[in-house]
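The values are calculated or read from the model by the stated rules, or taken from the named source; none is laboratory data. The model shown is predicted, which means the values in this text are computed figures rather than measured ones. With ideal geometry, Cβ positions are generated from the backbone for all residues, glycine too; neighbour counts draw on all protein chains shown. The accessibility values were calculated without ligands, DNA or RNA, using every heavy atom of the protein model including side chains. Shrake-Rupley method; radii C 1.70, N 1.55, O 1.52, S 1.80 Å.
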Amino acid sequence: MASDTAVNDVREELVVVPLRHPWRWFSGAVILLVIAGLGWSMSEAQIQWEHVPGFFTHPVMLEGLLNTIVLAVAAQGGAIVLGVVVALMRLSANPVARWFAVGYIWLFRGLPVLLQILIWFNLALVFQEISIPMLFSVPTNVVMTAFVAALLGLGLNESAYMAEIVRAGLSSVDEGQTEAAKSIGMTPLTTLRRVVLPQAMRVIIPPTGNNFINMIKGTSMASVIAFLELIHAANNISSRNLEIMETLFAAAAWYLVMVSVASIGQHYLERAYGPR
């Protein structure tokens, strides 16, 4: 009994001491100092910060914003459709379709996006007309505008990546799901639409969302062919007033807004198709 009492007394005297993390506090202080230093440096920079909000809502900047959104959505939408088709061809039992898909992915994924945009924009140098015999014939310069060239360059490149993303998503669905759908009389198209794709979306959506964010930023490459997106709009404004950094910061703010909205949309899509 005496020993039990002594043990209890010792337990009562024990004091729980929290584990200390001095390096955690030190690293946090260093990060705060770096942020404060950057903020102070930017405040002392030769930038007219009060002019940035005006450039943010400048008519040319807003037109560039609209063109950027239209180009990004159109290129990504077309890439998703083409990507699904190429992915199905990649998984097809038809060897011709399968090898065509392999070559398609190899070609458009292997060439830089900027190079593809420039090739499409200068297509008139090698084909003066785009025609289908007995149907129509139009000059290439009329068809291949800056928007069309950027759309093809961005969309075809992205479609190659989307094909691999969709293929990975479709392959992640257990074959037993397809066999069960066939056993109850579903057609292959119905099986794909109602059984395979809803489950594959869990794998497809996250990288697709990331690719769309990259697409929004990738539209800036269209500025090299004088397409009026955000970067080209900023350059047009600064060429008149020489406030280069101010207009670029306004364009940067719009990119951050678009990426934030796209990230929120991706979050809710992932929740919609996530495990229930």
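Of all residues in region 18-42 being farther than 30 Å from Phe249 by Cβ and open to solvent by 100 Å² or more (accessible area, probe 1.4 Å), which is modelled with the lowest pLDDT? Quick ask: steps written out before the conclusion?
From region 18-42, those farther than 30 Å from Phe249 by Cβ are 18-26; that's our starting set.
Those left that are additionally open to solvent by 100 Å² or more (accessible area, probe 1.4 Å): 19-20, 23-26.
Working: Leu19: 73, Arg20: 76, Trp23: 78, Arg24: 79, Trp25: 79, Phe26: 78.
Once the filter is applied, the top-ranked residue is Leu19.
Among the residues of region 43-60, is there at least one that is within 19 Å of Gly218 (Cα to Cα) and open to solvent by 80 Å² or more (accessible area, probe 1.4 Å)? Break it down into steps so the answer makes sense when it comes.
Step one: of region 43-60, the residues within 19 Å of Gly218 (Cα to Cα) are none.
No, region 43-60 contains no residue that is within 19 Å of Gly218 (Cα to Cα) and open to solvent by 80 Å² or more (accessible area, probe 1.4 Å).
Out of the residues in region 107-136 that are free of Cβ contacts under 8 Å to residues at least 40 places away in the same chain and part of a helix (DSSP H, G or I), which is farthest from Thr219 (Cα to Cα)? Outline the logic, then answer.
Residues of region 107-136 free of Cβ contacts under 8 Å to residues at least 40 places away in the same chain: 110, 112, 115, 119-120, 122-136.
Restricting the remaining residues to those that are part of a helix (DSSP H, G or I) gives 110, 115, 119-120, 123-125.
Working: Gly110: 19, Leu115: 14, Ile119: 16, Trp120: 15, Leu123: 20, Ala124: 22, Leu125: 24 Å.
The residue in question is Leu125.
Just checking, which of Phe227, Phe212 is in a helix (DSSP H, G or I) and surrounded by 15 or more Cβ atoms within 10 Å (Cβ to Cβ)?
Working: Phe227 fails: in a helix (DSSP H, G or I).
Of the residues listed, the single one that is in a helix (DSSP H, G or I) and surrounded by 15 or more Cβ atoms within 10 Å (Cβ to Cβ) is Phe212.
If I ask for residues that are aromatic (Phe, Trp, Tyr), touching a Ser or Thr at 6+ places or on another chain (Cβ under 8 Å) and open to solvent by 70 Å² or more (accessible area, probe 1.4 Å), which ones from region 86-126 would you list?
Matches in region 86-126: none.
So for region 241-254 (the condition being β-branched (Val, Ile, Thr), modelled with pLDDT under 90 and assigned to a helix (DSSP H, G or I)), does at least one residue qualify?
So the first thing to find is which residues in region 241-254 are β-branched (Val, Ile, Thr), and the list is 244, 247.
Subset that is modelled with pLDDT under 90: 244.
Subsequent filtering for residues that are assigned to a helix (DSSP H, G or I) retains 244.
Within region 241-254, one or more residues are β-branched (Val, Ile, Thr), modelled with pLDDT under 90 and assigned to a helix (DSSP H, G or I).
Out of Gly83, Gly64, Gly78, which single residue is in contact with a helix residue (DSSP H, G or I) (Cβ under 7 Å, 6 or more places away or on another chain), open to solvent by 20 Å² or more (accessible area, probe 1.4 Å) and touching a residue at least 60 places away in the same chain (Cβ under 8 Å)? Walk me through how you get there before you give the answer.
Details: Gly83 fails: open to solvent by 20 Å² or more (accessible area, probe 1.4 Å); Gly64 fails: open to solvent by 20 Å² or more (accessible area, probe 1.4 Å).
Just one listed residue meets the conditions, Gly78.
Go through region 175-208 and give me each residue that's of a type outside the set (A, V, I, L, M, F, W, C), part of a helix (DSSP H, G or I), open to solvent by 50 Å² or more (accessible area, probe 1.4 Å) and free of Cβ contacts under 8 Å to residues at least 24 places away in the same chain.
Within region 175-208, Glu175, Gln177, Glu179, Lys182, Ser183, Pro188, Arg193, Arg194 qualify.
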